[in-house]
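Participant: I am attaching a structure below and will ask some questions about it afterwards.
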Amino acid sequence: MPDIKIQIKNLYKIFGANDKKMLPHIESGMGKTELLDRHAHVLALSDVNIDIPAKGIQVIMGLSGSGKSTLIRHINRLIEPTSGQMLVDGTDVLGMSDNELENFRRFKASMVFQNFALFPHKTILENGMYGLKVQGVKDEQAKPQAQKWLDRVGLSGFEDRYPAQLSGGMQQRVGLARALSTDADILLMDEAFSALDPLIRTDMQDVLLDLQKELHKTVVFITHDLDEALRIGDNIAILRDGEVVQQGNPQEIILNPADEYVSDFIQDINRPRVLQIGSIADPKNKSKGPSMDAETVVEDALQEVIATKAEGVKVTQNGKLIGAASLEQMIHAIARPTADKKGIESYR
């Protein structure tokens, strides 16, 4: 079992003047619409429980209004909950004193925002240094540290320019460098790439994934884009109306959508290019064919099977045989799924 860095337990958030008085209504089954109509309060999060492993990328996704941005702001307590716990390394952030919370934000958790949040009157280097300055680091130490991360995200030579002189993608690189320069364990990214053009967004995803291979931060990444979630997420939690409707790794969610809402989310993805052969490998399957690594996508496996006229492929992980997948299994896996109300998968 992986080490758990962040534990979100029974978290509720109700916006309104009497939020705590509204909690019994929610616990007794009142929904978001009824709460708003009858009591003029907004239910943002309802009994959210998520365990976030250390040193991985946890994606939290959902449509607009699902509560995902509200949720991430509870981790560093930018928003106070109505009820629940937010544990980081076993310590409840919601119970921290003002001084403890200040230190937590300075040293433990950095945040990257959708709108870049750069200071327009400061140079790129000064923006990169800002988190270190907040920590109390002197200029002579902060400058080389900030410069190192600006270099790492591809901004060498732009140190003396101002944000308005940079493209959106370059500005977001500054935001990422600023967050990384503080050496915080936790990186909170709220729709960090959503405002970028598709090609630039893909480029930034590559930058994040490359850095993560080296740094092994605990990243909480908010998005409404399923392709982005599948590409970068080690684990995904899907929210709807403030509730978690499904959690799991990308392969589990693709193969077993919990309900129609999740099924609608995944129906348009390119399943052959996303599904990995290891996710459908059967230890009991004896199909003969070429050996392939578990992370090989099904499309590539299918092409190899067709080219070699094999029964299927043998699947290996870390050099060890874990099973096999037949041609029939592969075709079945890439058929477009639906889920009934009980979460039972079927195929069109």
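Since every read-out is calculated from the coordinates, none of them should be taken as a lab result. Source: prediction; values computed, not measured. Positions of Cβ are generated from backbone atoms using ideal geometry, with glycine treated the same way; all protein chains shown enter the neighbour counts.
Participant: Report the relative contact order of segment 4-248, percent, no decimals, based on alpha-carbon pairs under 8 angstrom and at least 6 residues apart.
Facilitator: Reported as a whole number, the value is 29 percent.
Participant: I need LYS213, LYS122 ordered by Cβ neighbour count within 10 Å, fewest first.
Facilitator: Starting with the residue having the fewest Cβ neighbours, the order is LYS213, LYS122.
Participant: Straight-line reach from LYS309: which lysines fall under 28 Å, measuring Cα to Cα and dropping same-chain residues less than 8 apart?
Facilitator: LYS284, LYS286, LYS288, LYS320
Participant: If you rank ILE79, ILE232 by fewest surrounding Cβ atoms within 10 Å, what's the result?
Facilitator: ILE79, ILE232
Participant: Among MET111, MET22, MET30, which one shows the highest mean-square fluctuation when the chain is modelled as a Gaussian network with alpha-carbon springs under 10 Å?
Facilitator: Highest fluctuation of the listed residues: MET30.
Participant: For segment 291-336 and segment 108-142, what is the centre-to-centre distance using only Cα atoms, to the nearest Å?
Facilitator: Result: 47 Å between the Cα centres.
Participant: Right, something else. Out of all DSSP beta bridges in the chain, what portion is antiparallel? Express it as a percent rounded to 5.
Facilitator: In the chain, approximately 60 percent of DSSP beta bridges are antiparallel ones.
Participant: Right, next: Among the complete DSSP H segments of the chain, which ones combine at least 18 Å of alpha-carbon extent along their axis with a mean Kyte-Doolittle hydropathy of -0.5 or more?
Facilitator: Helices passing the filter in the chain: 168-181, 198-215.
Participant: Neighbour counts of other C-beta atoms within 10 Å: give me GLU27, GLU311 arranged from fewest to most.
Facilitator: Exposure proxy ranking, most exposed first: GLU27, GLU311.
Participant: Count the net charge of all other residues whose Cβ sits under 12 Å from the Cβ of GLN145, scoring Lys and Arg as +1 and Asp and Glu as -1.
Facilitator: +2
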